[in-house]
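Novice: My questions will all concern the structure given below.
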Amino acid sequence: MDKIPIKKPGICLILISSTFLAMWILALIPIPPSHFKPQTVDNIYIFSLYLFSFLIPAVGLLLFLNHIKKISSRWYWGVPLLFTVVLITLNRDNNILGPFYDTSFIVSYGEISDFLSNSFFKYSVSIVYCLSMLLFTMSVPENRRNKMSPPFKISLFTLACVVIFTIVDVLSRYKHIGTVSLSENFGLLYILGIFFFGLSLTWSGIHYEAE
């Protein structure tokens with residue numbers, strides 16, 4: 001079987017996919033007990049998060065948009081993803097690294113951390129993140145949109161899951177309706193949707209230039 005040559009746009013898509021796989025990559029780094037954990041380990045967690053969740057995908061996204069802007073009338077549909085990558089990284093730093101890894105870069109900025117901890121922000125950034133994923137899959141040139149079909153379908157599913165999760169979670173928190181288990185189920189589907197979107201974007205990157 002012949003190898004598929006991966007060209008520049010495909011490499012960019014693979015780089016972009018790292019933001020959707022970042023937390024799974026971070027999960028591969030073992031968490032030592034807090035009393036045995038040196039400061040360097042905390043720094044590794046923070047560096048890894050910002051590297052895979054923001055820096056690598058931002059570079060890939062800028063290069064990809066620069067490549068398609070002359071050949072796609074919808075290239076700017078990918079721009080929102082650049083902004084939401086920043087927001088989702090800050091959200092992960094404050095609301096995942098802090099509670100689960102006992103370290104955070106942004107938590108030292110009190111007012112910003114308080115804002116990021118706000119439920120409305122967390123709901124909003126998750127929905128906007130998924131919406132920007134959907135828009136990004138439609139930003140490619142028309143002759144390449146078939147290559148983005150798997151990510152497009154997964155982004156639709158993930159967007160639906162996070163909207164339902166938000167509605168159900170708000171009802172369970174503020175209206176005291178017994179829907180916690182339903183909220184958790186859709187929350188899990190949202191997390192898995194992000195993961196599989198990242199994998200499908202990697203697949204699209206590998207096959208992007210294939211005829």
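No lab work stands behind these numbers, since they all come straight from the coordinates. Please read all numbers here as calculations on a predicted model, not as lab measurements. All Cβ positions, glycine included, derive from the backbone under ideal geometry; neighbour counts span all protein chains shown.
Novice: Which distance in nm do the two modelled labels at residue 149 and residue 184 give, with both placed 7 Å along the Cα-to-Cβ direction?
Specialist: Each label point lies 7 Å from its Cα, and together they span 3.8 nm.
Novice: In debye, nearest 20, what is the charge dipole magnitude of the range 8-207 about its Cα centre with +1 on Lys and Arg Cβ and -1 on Asp and Glu Cβ, if you could check?
Specialist: 820 debye
Novice: So which helices of the chain fit the span-like rule, where a helix is a whole DSSP H run, its Cα atoms reach 24 Å or more along the axis, and its mean Kyte-Doolittle is at least 1.6?
Specialist: 8-27
Novice: Which whole-number percent is the relative contact order of the chain (Cα, under 8 Å, 6+ apart)?
Specialist: 30 percent
Novice: A further question follows. Counting only pairs 8 or more residues apart or on different chains, how many lysine pairs in the chain have their Cα atoms under 29 Å apart?
Specialist: So the count of such lysine pairs works out to 19.
Novice: How would 17, 119, 183 line up from fewest to most surrounding beta-carbon atoms within 10 angstrom?
Specialist: Lowest count first: 119, 183, 17.
Novice: Right, next: Report the extension gain between residue 174 and residue 109 in nm, rounded to one decimal, defined as 0.36 nm multiplied by the number of residues separating them, less their alpha carbon distance.
Specialist: 20.6 nm
Novice: For the range 8-207, what are the per-bin percents of Cα-Cα distances with bins 5 Å wide, up to the bin holding the maximum?
Specialist: Histogramming the range 8-207 at 5 Å steps yields 1, 8, 15, 19, 18, 15, 12, 8, 3, 1, 0, 0 percent.
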